[in-house]
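The values are calculated or read from the model by the stated rules, or taken from the named source; none is laboratory data. Bear in mind the structure is a predicted one, so any value in this text is a computation, not a measurement. Don't worry about glycine lacking a Cβ; one is built from the backbone with ideal geometry, like all the others, and counts go over all protein chains shown.
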Amino acid sequence: MLGKALAFGWPEGITPEATAMYNFWVWVWVTAWIIGFIMWGLFIYGMFAWSAKRAEKAGKGEFPRQTQYNIPLELVLTIVPIIIVMTLFFFTVQTQDKVTAMDKNPKVTVDVTAYQWNWKFGYQNVAADLSPTGSEYKGIDEERQADAEATKEDPNGENPINGYSKSDVSYLRFDKIETLGTTEEVPVLVLPSNTPIQFDLASADVSHAFWVPEFLFKRDAYNHPEANKQQRSFQIEKIEKEGAFVGRCAEMCGTYHAMMNFEIRVVSPEKFKQYMEIRNANPELPNSDALKQIGEAPYATSTSPFNSDRTNTRDGANSVDNNGAAA
């Protein structure tokens, strides 16, 4: 209870990285309050102990004894703030390193493609114990990836952007098992709980950002990330809670930015394996049907698609309940 009060509204996360940030945030506030109480105590003490009225009653001068040349005191007042700043810096770096570390041995690697104004998710690699094939699963669609690679060169010989075609999408990833969001359906990314996961991000157009509030972390998604010296990947040690969690674009990306939501559906590793087997055996099967077959709600439950018909939304009915329609 005390920890939540000291968090001042900072939400609790569902990953070890989020917990590390939560703890860091709380202890920064604890440190700030301790320093604040000490300083307020000194101010209040000084106001009463060295007031002009009290000095006058004691027959002293208007000003208290000056200590500007007190070398020991000045050293203390210099060294203590340096120690405070260095301690905060140490724990900042420690937390940051935990969050951004790329040594978590992911068992699932997800390709995330952001575009105006939706998301595409694909499974690039899955470890053998979660794989639909019984061995390590390699999900890259070689044929589509080769087609993307061919877009580097403009057929007309015009390559105005760093020698590449304006329609170059070779930096994007194309997988055999993918979930594509549409105006009518919020994309649901199915992930296993208690499993290390890597997310590889890219944008097909303008800058976007992949943000799951319960991760307490967001990472921008850019086009041509490697060419622009940007890290496209981040890893999480595990997701500690099963359920549905809304995800959002956190970078202003145009007209329908506010509608650019997705959902992470966290299931048990056993259910995830079953889901992957269903998707792998039935490439044309809608994601909603695969979710239904593993006993999950077929559509997003944490968010709803916006009603794209703007002429009938003045009464506030601006979202669509796909699960209700499917019931």
Exercise. Has region 4-14 got at least one residue that is more than 30 Å from W211 (Cβ to Cβ) and outside the structural domain of I197 (by TED's automatic domain parsing)?
Worked result: no
For this session: Identify, by number, the condition in (1) within 27 Å of the chain's Cα centre (by Cα); (2) assigned to a helix (DSSP H, G or I) that I84 doesn't meet.
Result: (1)
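Each row is one residue, and each column tells you yes or no for (1) touching a helix residue (DSSP H, G or I) at 6+ places or on another chain (Cβ under 9 Å); (2) under 23 Å from A290 (Cβ atoms); (3) surrounded by fewer than 16 Cβ atoms within 10 Å (Cβ to Cβ).
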site: R144; (1), (2), (3): no, yes, yes
site: K152; (1), (2), (3): no, no, yes
site: K166; (1), (2), (3): no, no, yes
site: V206; (1), (2), (3): no, no, no
For this session: Restrict the check to region 17-27 and report whether at least one residue is among the hydroxyl-bearing types (S, T, Y), closer than 22 Å to Q94 by Cα and not assigned by TED's automatic domain parsing to the domain that holds Q235.
Result: yes
Seminar exercise, completed: Here the residues within region 177-199 that are touching a strand residue (DSSP E or B) at 6+ places or on another chain (Cβ under 8 Å), part of a loop (DSSP other than H, G, I, E, B) and crowded, with 19+ Cβ neighbours inside 10 Å are I177, G181, V186, P187, T195
Problem set entry | Residues of region 246-261 satisfying the condition of being within 17 Å of S207 (Cβ to Cβ), under 13 Å from the mean Cα position of the chain (by Cα) and not acidic (D, E) | G247, R248, C249, A250
For this session: Find the strands (runs of 3 or more DSSP E) located wholly in region 224-314 whose residues include 1 or more that are within 18 Å of V126 (Cβ to Cβ) and of a type in the set (V, I, T), and list them.
Result: 233-236, 261-267
Exercise. Regarding G46, is this residue modelled with pLDDT under 95, surrounded by 11 or more Cβ atoms within 10 Å (Cβ to Cβ) and assigned to a loop (DSSP other than H, G, I, E, B)?
Worked result: no
For this session: Could you please find all residues in region 50-76 being surrounded by fewer than 11 Cβ atoms within 10 Å (Cβ to Cβ) and assigned to a helix (DSSP H, G or I)?
Result: K53, K57, I71, P72, L75
Problem set entry | region 74-103 residues that are under 19 Å from Y22 (Cα atoms), paired with ones that are of a type in the set (A, V, I, L, M, F, W, C) and not in a helix (DSSP H, G or I) (beta carbon under 8 Å, 6 or more apart) | V99/F217; T100/F234
Exercise. Is region 230-247 home to any residue that is crowded, with 17+ Cβ neighbours inside 10 Å and small (G, A, S)?
Worked result: yes
